[in-house]
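In what follows, a structure is listed as structure tokens, so that the remarks can point back to it.
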Amino acid sequence: MKQVYFLGRKAIAIISGIGRALILLISALAHVPNPKKGFPLLLNQLYAVGVLSLVIIIVSGTFIGMVLALQGYTILVGYGAEASLGPMVALSLIRELGPVIAALLFAGRAGSALTAEIGLMKATEQLSSLEMMAVDPLRRIIAPRFWAGLISLPLLTAMFSAVGILGAHLVGVDWLGVDSGTFWSVMQGQVDFEKDIVNSIIKSIVFAFVITWIAVFKGYDCDPTSEGISKATTATVVQSSLWVLSLDFILTALMFSN
Amino acid sequence: MHLLLKRGLQNYNMSEILVDIRNMTFKREERVIYNDISLSIPKGKVTAIMGPSGIGKTTLLRLIGGQLKPESGNIFFDGKDIPRLSRNALYETRKRMSMLFQSGALFSEMSVYDNIAFPIREHTNLPENLIEKMVLMKLEAVGLRGARGLRPSELSGGMARRAALARSIALDPELILYDEPFAGQDPISMGVIVRLIRSLNDALGLTSVVVSHDVPEVMGIADYIYIIAEQKIIGQGTPEQIAEQTSPLVRQFVNGESDGPVPFHYKAAPYREELIRKTVFTNNRRG
Ligand SMILES: Nc1ncnc2c1ncn2[C@@H]1O[C@H](COP(=O)(O)OP(=O)(O)O)[C@@H](O)[C@H]1O
Ligand SMILES: [Mg+2]
């Protein structure tokens, strides 16, 4: 009996959480922003969310590309197929590793920061104080952060894949001696714009939406205490990572199955 | 003397009411915070709301500001029923009031100057040189003109509260709600804040609501006092009337007696019994 009660309460908590998250998103976005005031806010957030994530994205992308080239080369060279190193690296990065790893890094770097920042603003009554100043915190605080996340991650994903390919070029061509012309031309032949690049962009937009939504909601909804903020920050990283990985499987199945 | 007092009170009742709370009940989940409470805030005066911690004073200010909705009853601000306003009407009404939060709630990423300019920039299209004049005027009023370039984290507690006060009067509101303005202040900044509240009220023709549990400061500053306990108003009147009241509840609060009608101890089993039973209790916990 106790377990049933517990399960019931858990279910209600989850459903009402989803409801609150939906209301948050709708009230934050369902209005036309004043471009003169909204644009500087968006620029600020693009800097905080996007530009400040550049270092980790570029460094990680480079290393992942280098490792892919190293591993790929040792396998491919056994079949005399090292000419396929270019497309192998490019397809792995563009289809899967780029969107997924960039999203996971983004959740850890930008998502957690968003949650902590908004949670702290709540705990120090800054959000309440905005409301009392007749400034809607959903529009002033949440909306620009949400848009900034939605714009940043697809761009970061593209950069991740691009520097990954450059890293692979460095290892495969400059160190291991694959022919540079072959590396590029076979890659160009094998990567399909619509199937690979557009799908990669779609994935990154979906991930950006989910991560940023979770991050701003967790911050806005947290218990306004130090413990509540730390819990919310952890929840942002854990939940967005799980969503990214499971959505990636679903999207891949939809995009590449036929 | 008695007659004089009575006439004074009549005049008092005749003066205009800015905030009128009628038969308001508010609950947090199952817990009743206010049970059918009614009170009026007269225009142009300093009204104090006193009561022990955790009784719901901050909650009352949030109810007036429309951040919380009562279970039942009305909260009129200048004739408008706050809980029943549409979102846009509520935001329009909030431009006429202002709240000084307990923590100050300054925006941590902005300088003091930008904090005070914030509401002006949000709600008006004034040119920057005019905004500067307004901000400096408000800063001068709270004695912080020299601190305009500092960040909130560089301010002392008393300075932060004064900066927040400057921000809350930036757009000349009609009503200003102070949440525990004296809490955690050293005696000097306490004195400064007491004088500021009074002088702003009189100079700008504001209506002030001061929520506090600091009895002497409130008695010195308020025109009218409500004392809240046990979900209701247990006493009200001018400071002189409060000082003369004989109700044991009011006496306990005003004199700061630890025990009285409001018990010092949270409801518990008798102490002796508990001491004997303690081992059993801990064992129960573990088992
Ligand atoms: N967000 C909240 N959720 C649930 N209960 C709350 C919340 N905020 C305050 N309370 C409870 O409501 C009561 C009144 O709080 P408050 O208005 O802050 O009291 P005061 O300002 O008089 O100290 C307190 O007992 C507090 O525990
Ligand atoms: Mg309080």
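The values are calculated or read from the model by the stated rules, or taken from the named source; none is laboratory data. Predicted model, so just to flag it, every value in this text is computed and none were measured. Every residue, glycine as well, gets a Cβ built from its backbone with ideal geometry; the counts of neighbours run over all protein chains shown. The protein model used for the area step is the full one, side chains on, heavy atoms only, and it has no ligands, DNA or RNA in it. Shrake-Rupley method; radii C 1.70, N 1.55, O 1.52, S 1.80 Å.
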**Request:** Identify all residues within the stretch A:115-153 that are in a helix (DSSP H, G or I), within 11 Å of chain B (Cβ to nearest Cβ) and aliphatic (A, V, I, L, M); write none if there are none.
**Result:** A:LEU120, A:MET121, A:ALA123, A:LEU127, A:LEU130, A:MET132, A:LEU138, A:ILE141
**Message:** Suppose we filter the stretch B:172-230 for residues that are assigned to a loop (DSSP other than H, G, I, E, B) and either away from ligand 2 (no atom under 16 Å from the Cβ) or touching a Cys at 6+ places or on another chain (Cβ under 8 Å) (or both); how many remain?
**Reply:** 9
**Request:** Can you run down the residue pairs with Cβ atoms below 7 Å, 6 or more apart or on separate chains, where the first is in the stretch B:40-56 and within 16 Å of B:PHE182 (Cβ to Cβ) and in contact (Cβ under 8 Å) with a residue 40 or more places away in the chain and the partner is more than 16 Å from ligand 1 (Cβ to nearest atom) and in a loop (DSSP other than H, G, I, E, B)?
**Result:** B:VAL46/B:ALA222; B:VAL46/B:ASP223; B:THR47/B:ALA222; B:THR47/B:ASP223; B:ALA48/B:ALA222
**Condition met for A:LEU254 (surrounded by fewer than 16 Cβ atoms within 10 Å (Cβ to Cβ) and free of Cβ contacts under 8 Å to residues at least 12 places away in the same chain)** = yes
**Fill in**
For the stretch A:5-45 the number of residues that are away from every other protein chain (no Cβ under 14 Å) and either in contact with an Asp or Glu (Cβ under 9 Å, 6 or more places away or on another chain) or under 15 Å from A:ALA215 (Cα atoms) (or both) is 7
**Request:** Taking B:PHE101 as the residue in question, decide whether it is in contact (Cβ under 8 Å) with a residue 24 or more places away in the chain, within 13 Å of chain A (Cβ to nearest Cβ) and away from ligand 2 (no atom under 16 Å from the Cβ).
**Result:** no
**Prompt:** So is B:SER86 open to solvent by 50 Å² or more (accessible area, probe 1.4 Å), of a type in the set (S, T, N, Q) and within 11 Å of another protein chain (Cβ to nearest Cβ) or not?
**Reply:** no
**Asked** Taking strands (runs of 3 or more DSSP E) that fall entirely within the stretch B:18-84, which contain at least 3 residues that are more than 15 Å from ligand 1 (Cβ to nearest atom) and farther than 17 Å from B:LYS95 by Cα?
**Response** B:31-42, B:72-77
**Unmet requirement for B:GLN102, which otherwise passes all of (1) open to solvent by 50 Å² or more (accessible area, probe 1.4 Å); (2) more than 24 Å from the chain's Cα centre (by Cα)** = (2)
**Request:** Considering only the stretch A:168-177, state which residues are in contact (Cβ under 8 Å) with a residue 24 or more places away in the chain and surrounded by fewer than 24 Cβ atoms within 10 Å (Cβ to Cβ).
**Result:** A:HIS169, A:LEU170, A:VAL171, A:LEU176
